[in-house]
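Peer 1: If you scroll down you'll find the structure; I have some questions about it.
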Amino acid sequence: MVFPVLFFLALGAILGSFLNVAIHRLPRHQSVVSPPSTCPACGARILPYDNLPLLSFILLRGRCRHCSAKISPRYPLVEALTALCTAGLYGLLGLNLSLAIYLPFTWALIALAFIDAEHQILPDRITLPGIALSALVPLLGSLRRVAWSPGVARLSVEEWGLGILLGGGIPYLVAAAYRLAQFRKLPAERIDGMGMGDVKMLAMVGGFLGWKLVLLTILVGSVLGSLWGLSGVALSRYGMKQALPFGTFLAVGAFIALAGGPILLAWYAGISGFPE
Ligand SMILES: [Zn+2]
């Protein structure tokens with residue numbers, strides 16, 4: 001038990017290191033595979049022994065070896081978070097094919113969360129391949145001989161399709177309603193409730209988790225976003241017009257729905273007669 005946990009912690013830390021590259025480069029429309037990493041401050045090539053997940057940040061005390069510029073705390077944070085989520089998902093799902101599907105989904109959520117927090121965009125280069133990859137969920141889940149975790153449902157094609165439709169459709173309608181409500185205002189004064197990035201991200205989440213858990217994702221994401229928004233107003237750091245990184249909250253909501261959703265649905269079915 002200890003060895004696989006250590007393996008998934010290390011795998012997560014390495015993946016987190018790659019996610020850091022994607023988080024930095026995707027919003028800048030750069031390739032994630034080449035050129036090799038450089039210091040954003042001085043441009044010096046980061047040598048392999050200075051590029052070890054988590055360890056290098058500690059050994060270098062958070063500074064570039066060449067110019068001593070501070071390295072963003074985002075780097076160790078993403079690496080530690082990815083390591084914990086990767087090992088945690090292994091603990092939750094066990095070693096089977098569903099883990100191979102839901103690990104990349106989790107990594108995509110982490111990248112989207114940090115890119116949206118920093119740049120307020122959710123890149124198509126993550127969400128669109130994600131929607132395509134989600135087709136594996138009903139495809140492989142339907143094969144009874146394939147080992148699948150009891151911790152996640154085997155989605156039918158209908159649950160998968162409805163997940164994409166509702167996941168994409170609900171934020172699309174919210175965005176349209178916002179537009180309609182503000183048609184008298186000048187374009188510069190309009191606030192977007194949701195963007196097309198949210199539409200594609202939630203379509204992806206619906207494809208991986210199905211229609212019930214994408215509804216739970218929207219609910220949890222909205223609650224978290226509202227709490228954050230209210231605390232921001234209370235601290236008067238933001239006016240209400242400040243766009244919230246809604247994708248960040250949706251990513252947290254989607255991971256909660258993945259990790260705890262089946263338990264929450266069973267509980268809800270018990271008290272309401274909602275079809276489980
Ligand atoms: Zn430097």
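The values are calculated or read from the model by the stated rules, or taken from the named source; none is laboratory data. All of these numbers come straight from a predicted model, not from anything done at the bench. Every residue, glycine among them, receives a Cβ derived from its backbone with ideal geometry; neighbour counts consider all protein chains shown. SASA here: full protein model, heavy atoms, side chains in, ligands and nucleic acids out. Shrake-Rupley method; radii C 1.70, N 1.55, O 1.52, S 1.80 Å.
Peer 1: When residues of the range 82-93 are filtered for being open to solvent by 20 Å² or more (accessible area, probe 1.4 Å) and more than 16 Å from the chain's Cα centre (by Cα), how many remain?
Peer 2: So the count comes out to 3.
Peer 1: Which number in (1) assigned by TED's automatic domain parsing to the domain that holds Leu155; (2) in contact with a Leu (Cβ under 6 Å, 6 or more places away or on another chain) marks the one condition that Ala83 misses?
Peer 2: (1)
Peer 1: Name the residues in the range 53-68 that are open to solvent by less than 80 Å² (accessible area, probe 1.4 Å) and more than 7 Å from the ligand (Cβ to nearest atom), would you?
Peer 2: Within the range 53-68, Pro53, Leu54, Ser56, Phe57, Leu60, Gly62, Ser68 qualify.
Peer 1: Also, I was wondering about something else. Which one of these is within 16 Å of the chain's Cα centre (by Cα) and not small (Gly, Ala, Ser): Leu59, Leu97, Leu109? Before you say what the answer is, go through the steps one by one.
Peer 2: Working: Leu59 fails: within 16 Å of the chain's Cα centre (by Cα); Leu97 fails: within 16 Å of the chain's Cα centre (by Cα).
Of Leu59, Leu97, Leu109, the one residue that is within 16 Å of the chain's Cα centre (by Cα) and not small (Gly, Ala, Ser) is Leu109.
Peer 1: While we're looking at this one, here's another question. Looking at the range 70-81, which of its residues are surrounded by fewer than 13 Cβ atoms within 10 Å (Cβ to Cβ) and touching a strand residue (DSSP E or B) at 6+ places or on another chain (Cβ under 8 Å)?
Peer 2: The first filter runs over the range 70-81 and keeps only residues surrounded by fewer than 13 Cβ atoms within 10 Å (Cβ to Cβ), leaving 70, 73.
Lys70, the sole residue that qualifies.
Peer 1: Restricting the search to the range 132-171, which residues are surrounded by 17 or more Cβ atoms within 10 Å (Cβ to Cβ) and not hydrophobic (A, V, I, L, M, F, W, C)?
Peer 2: Passing the criteria: Ser134, Pro138, Gly141, Ser149, Gly151, Arg154, Glu159, Gly161, Gly163, Gly167, Gly168, Pro171.
Peer 1: Also: What residue, of Leu109, Leu89, Leu54, is touching a residue at least 12 places away in the same chain (Cβ under 8 Å) and in the same structural domain as Asp198 (by TED's automatic domain parsing)?
Peer 2: Testing whether each residue is touching a residue at least 12 places away in the same chain (Cβ under 8 Å) and in the same structural domain as Asp198 (by TED's automatic domain parsing) leaves just Leu109.
Peer 1: Every residue in the range 13-42 that is within 16 Å of the ligand (Cβ to nearest atom) and more than 21 Å from the chain's Cα centre (by Cα), please.
Peer 2: Result: Pro35, Pro36, Ser37, Thr38, Cys39, Pro40, Ala41, Cys42.
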